[in-house]
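Only one structure is covered here, and it is reproduced in the block below.
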Amino acid sequence: MNKESFLREFMDEVWNKKNFQKIGQFVHNQYTIHLDPGDPWEGKTLSNSEFKNRMEFDSFKPFPDMKFEITSAIEEENYVAITWRLKGTNLGQIGEYAPTKKAINTKGMTIYHFKDKLINGHTQIYDRKTVMEQLGFR
């Protein structure tokens with residue numbers, strides 16, 4: 001199995017095209033967020049339905065046009081590390097913040113963890129400070 005190709009397909013189909021019905025093809029039913037500073041889900045293990053809800057309400061509700069571009073990838077036995085660029089427009093509420101209608105453009109890195117040929121978690125870091133500045137919150 002080529003995990004890098006698998007991950008690229010996951011990012012395109014699930015994240016960029018929002019084909020939520022395909023989550024089970026890519027994501028293990030026990031998906032753990034190992035490290036993602038500032039993410040309220042950090043340290044939690046999600047089922048596929050919880051993963052889908054997190055995507056719909058925490059990611060796409062605030063940024064319905066969100067798109068990822070993978071800029072590099074490295075595959076290891078049980079991991080694929082990617083760097084990425086994220087773009088989107090804030091058209092939905094983020095917590096108590098009203099939509100700003102401002103665009104974001106940020107970079108980050110995610111290490112995706114694999115188990116049983118499926119993605120079962122991630123370790124991630126990205127530039128949240130720049131995102132907050134771009135939205136006008138700082």
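Under the Kirkwood approximation applied to all pairs of distinct alpha-carbon atoms, what is the hydrodynamic radius of segment 65-138 in Å?
When all Cα pairs of segment 65-138 are included, the Kirkwood radius is 13.7 Å.
Mind listing the phi-derived Karplus ³J(HN,Hα) values for segment 46-58, rounded to whole Hz, using 6.51, -1.76 and 1.60 with θ = phi - 60°, and x for any glycine or proline?
Each residue of segment 46-58 in turn: 10, 7, 4, 5, 5, 4, 4, 4, 4, 5, 5, 8, 8 Hz.
Run through segment 21-57 and list the trypsin sites (Lys or Arg not before Pro) located in a DSSP loop whose Cβ has at most 16 other Cβ atoms within 10 Å.
Sites meeting the loop and neighbour criteria: Lys44.
Each residue of segment 66-80 in order: what ³J(HN,Hα) in whole Hz does its phi give by Karplus 6.51 cos²θ - 1.76 cosθ + 1.60, θ = phi - 60°, with x for Gly and Pro?
Taking θ as phi minus 60°, the curve returns 3, 9, 9, 10, 6, 9, 7, 8, 9, 9, 10, 4, 10, 9, 9 Hz for segment 66-80.
Give me, ordered by chain and number, the residues 5 or more places off Leu46 or on other chains with an amide H under 5 Å from its own placed amide H.
When sequence neighbours closer than 5 places are left aside, the close amide H contacts are Tyr31, Thr32, Ile33.
Over all alpha-carbon pairs in the chain, figure out the percentage whose distance exceeds 22 Å.
Distances greater than 22 Å cover 35 percent of the Cα pairs.
Read-outs: derived from the displayed coordinates by stated rules, not from any lab. None of these values were measured; they are calculated from a predicted model. Backbone-built Cβ (ideal geometry, glycine too); neighbour counts: all protein chains shown.
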